[in-house]
């Protein structure tokens, strides 16, 4: 199973940037859905890939 999640963040200059996360792990997908459903705020770290995901 694959799921995509889009998040937005305001940059210091006021612009809004969107980020899309691709998750392939069923447990991680369920965890992400719970975080969104519960309205929790989380910090996300990782590498930004400047290419479209397949």
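The values are calculated or read from the model by the stated rules, or taken from the named source; none is laboratory data. Because the structure is a prediction, the values reported are computed rather than measured. Because the Cβ atoms are built from the backbone with ideal geometry, glycine has one as well, and the counts that use them run over all protein chains shown.
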A careful count of residues in the stretch 17-36 that are loosely packed, with under 10 Cβ neighbours inside 10 Å and either modelled with pLDDT of 95 or more or at positive phi (or both) gives 1
Those residues of the chain which are in contact (Cβ under 8 Å) with a residue 12 or more places away in the chain, touching a strand residue (DSSP E or B) at 6+ places or on another chain (Cβ under 7 Å) and part of a loop (DSSP other than H, G, I, E, B) amount to 2, 53
